[in-house]
Amino acid sequence: MTGPDTVDRRDLIRRGQRLEYFTVAWNSLEALVSIIAGVVAGSVALVSFGLDSVIEVASGAALLWRLHHDLEPSRREQVERTTLRIVGWCFLALALYILYESGLTLILDRAPERSIPGIVIAVAAVVIMPLLARAKRRVAAGIRSGAMTADSKQTDFCAYLSAILLGGLVLNAVLGWWWADPAAGVVMVPIIAKEGVNGLRGQKVL
(Lines give C-alpha, C1' and ligand atoms only; values in the text may rest on other atoms or scores of the structure.)
Protein backbone atom coordinates (compact mmCIF):
# COMPACT_ATOMS: atom_id res chain seq x y z
CA MET A 1 0.00 0.00 0.00
CA THR A 2 1.29 3.44 -0.91
CA GLY A 3 0.88 6.13 1.74
CA PRO A 4 1.23 9.93 1.60
CA ASP A 5 4.78 9.75 2.95
CA THR A 6 5.80 7.36 0.19
CA VAL A 7 4.26 9.60 -2.47
CA ASP A 8 6.02 12.68 -1.06
CA ARG A 9 9.31 10.79 -0.97
CA ARG A 10 8.92 9.72 -4.57
CA ASP A 11 8.28 13.33 -5.57
CA LEU A 12 11.47 14.35 -3.77
CA ILE A 13 13.39 11.54 -5.44
CA ARG A 14 12.21 12.68 -8.88
CA ARG A 15 13.22 16.24 -8.01
CA GLY A 16 16.61 15.00 -6.86
CA GLN A 17 17.07 13.04 -10.08
CA ARG A 18 16.30 16.15 -12.16
CA LEU A 19 18.89 18.10 -10.15
CA GLU A 20 21.50 15.39 -10.69
CA TYR A 21 20.76 15.18 -14.42
CA PHE A 22 21.30 18.93 -14.59
CA THR A 23 24.52 18.52 -12.56
CA VAL A 24 25.86 15.96 -15.04
CA ALA A 25 24.88 18.05 -18.09
CA TRP A 26 26.17 21.36 -16.76
CA ASN A 27 29.46 19.98 -15.44
CA SER A 28 30.09 18.13 -18.71
CA LEU A 29 29.80 21.46 -20.54
CA GLU A 30 31.84 23.19 -17.84
CA ALA A 31 34.60 20.58 -18.10
CA LEU A 32 34.73 20.77 -21.89
CA VAL A 33 34.94 24.57 -22.04
CA SER A 34 37.34 24.89 -19.09
CA ILE A 35 39.82 22.25 -20.24
CA ILE A 36 39.91 23.45 -23.85
CA ALA A 37 40.19 27.12 -22.81
CA GLY A 38 42.81 26.20 -20.19
CA VAL A 39 44.97 24.27 -22.67
CA VAL A 40 44.75 27.12 -25.22
CA ALA A 41 45.60 29.77 -22.61
CA GLY A 42 48.10 27.65 -20.70
CA SER A 43 46.05 28.14 -17.53
CA VAL A 44 46.68 25.58 -14.78
CA ALA A 45 43.78 26.81 -12.64
CA LEU A 46 41.35 26.65 -15.57
CA VAL A 47 42.36 23.10 -16.55
CA SER A 48 42.17 22.06 -12.90
CA PHE A 49 38.68 23.55 -12.64
CA GLY A 50 37.69 21.49 -15.68
CA LEU A 51 39.02 18.33 -14.05
CA ASP A 52 37.04 19.15 -10.91
CA SER A 53 33.96 19.36 -13.14
CA VAL A 54 34.72 15.82 -14.37
CA ILE A 55 34.68 14.69 -10.73
CA GLU A 56 31.33 16.43 -10.29
CA VAL A 57 29.99 14.48 -13.29
CA ALA A 58 31.11 11.21 -11.68
CA SER A 59 29.53 12.23 -8.38
CA GLY A 60 26.26 13.19 -10.09
CA ALA A 61 26.15 9.84 -11.89
CA ALA A 62 26.74 8.01 -8.61
CA LEU A 63 23.92 9.99 -6.96
CA LEU A 64 21.57 9.06 -9.79
CA TRP A 65 22.40 5.42 -9.07
CA ARG A 66 21.82 5.98 -5.37
CA LEU A 67 18.46 7.71 -5.95
CA HIS A 68 17.39 4.93 -8.28
CA HIS A 69 17.80 2.47 -5.38
CA ASP A 70 16.36 4.79 -2.73
CA LEU A 71 13.74 2.30 -1.55
CA GLU A 72 16.45 -0.30 -0.88
CA PRO A 73 18.21 0.93 2.31
CA SER A 74 21.03 -1.63 2.11
CA ARG A 75 21.89 -0.67 -1.47
CA ARG A 76 21.56 3.01 -0.58
CA GLU A 77 24.19 2.82 2.16
CA GLN A 78 26.54 0.74 0.01
CA VAL A 79 26.37 3.22 -2.87
CA GLU A 80 26.94 6.10 -0.47
CA ARG A 81 30.08 4.57 1.05
CA THR A 82 31.49 3.56 -2.33
CA THR A 83 30.81 7.01 -3.81
CA LEU A 84 32.50 8.81 -0.92
CA ARG A 85 35.66 6.70 -1.30
CA ILE A 86 35.86 7.02 -5.09
CA VAL A 87 35.39 10.77 -5.00
CA GLY A 88 37.90 10.98 -2.13
CA TRP A 89 40.61 9.36 -4.27
CA CYS A 90 39.70 11.61 -7.22
CA PHE A 91 40.03 14.72 -5.06
CA LEU A 92 43.45 13.65 -3.75
CA ALA A 93 44.69 12.92 -7.28
CA LEU A 94 43.41 16.32 -8.41
CA ALA A 95 45.12 18.07 -5.48
CA LEU A 96 48.47 16.46 -6.35
CA TYR A 97 48.08 17.41 -10.02
CA ILE A 98 47.30 21.04 -9.20
CA LEU A 99 50.19 21.28 -6.74
CA TYR A 100 52.65 19.88 -9.29
CA GLU A 101 51.48 21.96 -12.26
CA SER A 102 51.07 25.19 -10.29
CA GLY A 103 54.48 24.81 -8.69
CA LEU A 104 56.12 24.08 -12.04
CA THR A 105 54.41 27.08 -13.65
CA LEU A 106 55.62 29.42 -10.89
CA ILE A 107 59.17 28.05 -11.03
CA LEU A 108 59.43 28.26 -14.84
CA ASP A 109 57.62 31.64 -15.11
CA ARG A 110 55.17 30.27 -17.68
CA ALA A 111 52.65 33.07 -18.12
CA PRO A 112 49.17 31.96 -19.29
CA GLU A 113 47.29 33.81 -22.00
CA ARG A 114 44.13 35.77 -21.18
CA SER A 115 41.03 33.57 -21.42
CA ILE A 116 37.65 35.22 -22.02
CA PRO A 117 35.83 31.84 -22.36
CA GLY A 118 37.36 30.84 -19.02
CA ILE A 119 36.10 34.01 -17.36
CA VAL A 120 32.60 33.51 -18.82
CA ILE A 121 32.30 29.90 -17.60
CA ALA A 122 33.63 30.88 -14.16
CA VAL A 123 31.06 33.68 -13.83
CA ALA A 124 28.27 31.31 -14.84
CA ALA A 125 29.42 28.74 -12.30
CA VAL A 126 29.58 31.34 -9.50
CA VAL A 127 25.90 32.13 -10.16
CA ILE A 128 24.54 28.62 -10.85
CA MET A 129 26.38 26.43 -8.33
CA PRO A 130 25.08 28.03 -5.08
CA LEU A 131 21.49 27.79 -6.35
CA LEU A 132 21.98 24.16 -7.34
CA ALA A 133 23.58 23.31 -3.98
CA ARG A 134 20.68 24.87 -2.07
CA ALA A 135 18.12 22.90 -4.11
CA LYS A 136 20.02 19.66 -3.45
CA ARG A 137 20.13 20.33 0.29
CA ARG A 138 16.35 20.71 0.37
CA VAL A 139 15.88 17.32 -1.28
CA ALA A 140 18.54 15.75 0.94
CA ALA A 141 16.78 17.02 4.05
CA GLY A 142 13.44 15.72 2.82
CA ILE A 143 14.67 12.18 2.19
CA ARG A 144 17.32 12.26 4.95
CA SER A 145 20.10 11.39 2.51
CA GLY A 146 23.66 11.77 3.74
CA ALA A 147 24.95 10.98 0.25
CA MET A 148 22.99 13.79 -1.37
CA THR A 149 23.98 16.18 1.41
CA ALA A 150 27.61 15.33 0.66
CA ASP A 151 26.93 15.90 -3.03
CA SER A 152 25.45 19.33 -2.27
CA LYS A 153 28.62 20.10 -0.32
CA GLN A 154 30.64 19.22 -3.43
CA THR A 155 28.49 21.64 -5.41
CA ASP A 156 29.21 24.34 -2.81
CA PHE A 157 32.88 23.45 -3.16
CA CYS A 158 32.61 23.94 -6.94
CA ALA A 159 31.21 27.44 -6.28
CA TYR A 160 34.21 28.28 -4.07
CA LEU A 161 36.60 27.05 -6.75
CA SER A 162 34.73 29.11 -9.34
CA ALA A 163 35.24 32.28 -7.27
CA ILE A 164 38.94 31.53 -6.74
CA LEU A 165 39.37 30.74 -10.44
CA LEU A 166 37.53 33.89 -11.50
CA GLY A 167 39.72 36.06 -9.29
CA GLY A 168 42.89 34.60 -10.80
CA LEU A 169 41.67 34.91 -14.39
CA VAL A 170 40.47 38.49 -13.97
CA LEU A 171 43.72 39.59 -12.30
CA ASN A 172 45.67 38.07 -15.19
CA ALA A 173 43.41 39.62 -17.86
CA VAL A 174 43.17 43.10 -16.34
CA LEU A 175 46.47 43.60 -14.54
CA GLY A 176 48.66 41.04 -16.26
CA TRP A 177 49.38 39.30 -12.95
CA TRP A 178 50.13 35.93 -14.58
CA TRP A 179 51.25 34.45 -11.28
CA ALA A 180 47.72 34.89 -9.90
CA ASP A 181 46.59 31.91 -12.02
CA PRO A 182 48.95 29.26 -10.57
CA ALA A 183 48.63 30.92 -7.16
CA ALA A 184 44.87 30.39 -7.41
CA GLY A 185 45.61 26.75 -8.18
CA VAL A 186 47.76 26.45 -5.04
CA VAL A 187 44.94 27.95 -2.95
CA MET A 188 42.66 25.17 -4.20
CA VAL A 189 44.98 22.37 -3.03
CA PRO A 190 44.29 22.22 0.74
CA ILE A 191 40.53 22.59 0.18
CA ILE A 192 40.48 19.75 -2.33
CA ALA A 193 42.80 17.55 -0.25
CA LYS A 194 40.62 17.98 2.85
CA GLU A 195 37.54 16.84 0.93
CA GLY A 196 39.51 13.88 -0.40
CA VAL A 197 40.57 12.77 3.07
CA ASN A 198 37.01 13.14 4.35
CA GLY A 199 35.75 11.00 1.49
CA LEU A 200 38.28 8.24 2.19
CA ARG A 201 37.28 8.25 5.84
CA GLY A 202 33.68 7.91 4.84
CA GLN A 203 32.74 11.19 6.52
CA LYS A 204 29.60 12.94 5.32
CA VAL A 205 27.52 15.90 6.39
CA LEU A 206 24.22 14.80 7.91
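The values are calculated or read from the model by the stated rules, or taken from the named source; none is laboratory data. All of these numbers come straight from a predicted model, not from anything done at the bench. Here the Cβ positions follow ideal geometry from the backbone for every residue, glycine too, while neighbour counts run over all protein chains shown.
The table below lists the values:
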| item | result |
| --- | --- |
| D70, sole failed condition from (1) assigned to a helix (DSSP H, G or I); (2) within 24 Å of L132 (Cα to Cα) | (1) |
| Out of V197, V170, sole residue that is at pLDDT 85 or above, farther than 23 Å from D70 by Cα and among the β-branched types (V, I, T) | V197 |
| Any hit, segment 22-29, residues being assigned to a loop (DSSP other than H, G, I, E, B) and under 17 Å from T149 (Cα atoms) | no |
| Residue within segment 92-103 that is hydrophobic (A, V, I, L, M, F, W, C), exposed (fewer than 15 other Cβ atoms within 10 Å of the Cβ) and in a helix (DSSP H, G or I) present | yes |
| Only listed residue being more than 18 Å from I13 (Cα to Cα) and touching a Ser or Thr at 6+ places or on another chain (Cβ under 6 Å), chosen from I86, I98 | I98 |
| Checking V44 against (1) surrounded by 15 or more Cβ atoms within 10 Å (Cβ to Cβ); (2) β-branched (V, I, T); (3) at pLDDT 85 or above, the condition it does not meet | (3) |
| Criterion violated by T105 - all others in (1) more than 18 Å from W178 (Cβ to Cβ); (2) touching a helix residue (DSSP H, G or I) at 6+ places or on another chain (Cβ under 8 Å); (3) of a type in the set (S, T, Y) satisfied | (1) |
| Those residues of segment 60-87 which are among the β-branched types (V, I, T) and over 17 Å from the mean Cα position of the chain (by Cα), in sequence order | V79, T82 |
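Per-residue answers, yes or no, for (1) surrounded by fewer than 21 Cβ atoms within 10 Å (Cβ to Cβ); (2) over 15 Å from the mean Cα position of the chain (by Cα); (3) in a helix (DSSP H, G or I):
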{"position": "W89", "(1), (2), (3)": "yes, no, yes"}
{"position": "P130", "(1), (2), (3)": "yes, no, yes"}
{"position": "A150", "(1), (2), (3)": "no, no, yes"}
{"position": "V174", "(1), (2), (3)": "yes, yes, yes"}
{"position": "W177", "(1), (2), (3)": "yes, yes, no"}
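Table: residues versus (1) basic (K, R); (2) more than 20 Å from L19 (Cα to Cα); (3) at pLDDT 90 or above.
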| site | (1), (2), (3) |
| --- | --- |
| E101 | no, yes, no |
| R110 | yes, yes, no |
| I116 | no, yes, no |
| L131 | no, no, yes |
| R137 | yes, no, yes |
| G146 | no, no, no |
| Q154 | no, no, no |
| I164 | no, yes, no |
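Residue-wise test of (1) closer than 21 Å to A61 by Cβ; (2) small (G, A, S).
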{"position": "A140", "(1), (2)": "yes, yes"}
{"position": "S145", "(1), (2)": "yes, yes"}
{"position": "L165", "(1), (2)": "no, no"}
{"position": "L169", "(1), (2)": "no, no"}
{"position": "A184", "(1), (2)": "no, yes"}
